[in-house]
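Only one structure is covered here, and it is reproduced in the block below.
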Amino acid sequence: MPSFTVKSLTAQGDELEQGRRKLVHAFGAEARFRFVANRAVASHYTGIFQSGADCVIGRLSLATKPTDTHSVPALALKFFIDGNHPSVNLQVMNSIDGQERYNFFEKTFSNIIPPAGSFATRLLAGFFKWAAIRFGARDSDPGHLTVEHLADINVDGSKVAAPRAPYQLLFKPRPAAAARFNGVTMQDDFRIRLTDFPIGEVLYDVYALDKGETIEQAKLLGQLVLNSKIVASRYGDEKLYFQHNMQR
């Protein structure tokens, strides 16, 4: 587990290295998305936040197998950059402890989540904290993933001279998305329900907060729009990789 957490912070690329396997978020479904920026708010930031992005791969997954008491949904995004540049990745969720029900779109996701509650999730969080310290992160809080790297580069591959990023992102699911998951139970395969979403549907409204702001002050930064059908694949479960990012 320690080597797994270090690799999650340090390894670049879009595929897991040979011999590695996913210990969490092992089952999910993928689609191509567009991040459509709200210019009125996005102009306050730089990089991908300001321009939006047309080539984004998103993975909707459960961190662990659902039980009769809870499920742990999460979203990972991979923004592709022109030229010889690695992708820029982002992971968001509501809580490492999960939720009592099975509606994937029940709760808002964020890059900042509350401390783990159960022993198992505290243990996992401890491994990530240890790895972050070893990695030299400025903020070793495993529940806080930075979004600064999305402000550092433009989608055309050019570097930003004076990057400006929000402190926190909120991915608020659209009511229509949540409605498609009404009645989902532990026995249902959430990936099958995801295939019902049509191309062009907005799944999340994305809000930004600057440091010191409250939830009530969140500003609509943009929208995450489906650009393809959502599909489950062995490749996504076994090879597709999303790097975690912490402040360095």
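Okay, here's what the table says:
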| item | result |
| --- | --- |
| HN-Hα J in Hz across region 148-159 - Karplus 6.51, -1.76, 1.60, θ = phi - 60°, x for Gly and Pro | 4, 5, 6, 8, 7, 9, 8, 5, 7, x, 7, 7 |
| Entries in K172/K219; K78/K239; K172/K229 that, when Cα-Cα distance is taken, lie over 18 Å | K172/K229 |
| Built amide H within the under 5 Å cut-off of F33, gap 5+ | V56, I57, G58, N227 |
| Placed amide H near Q168: partners under 5 Å, 5+ positions off or other chain | L209 |
| By average C-beta atoms within 10 angstrom, highest first, the peptides 208-219, 60-71, 188-199 | 60-71, 188-199, 208-219 |
| Rounded to whole Hz, the Karplus (6.51, -1.76, 1.60) HN-Hα couplings of region 96-111, x for glycine and proline | 6, 7, x, 9, 6, 10, 10, 6, 4, 9, 6, 10, 7, 9, 8, 7 |
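Throughout, read-outs are computed from the coordinates displayed, never taken from laboratory work. Just so it is clear, the structure is predicted and the values come from calculations on it, not from any experiment. All Cβ positions, glycine included, derive from the backbone under ideal geometry; neighbour counts span all protein chains shown.
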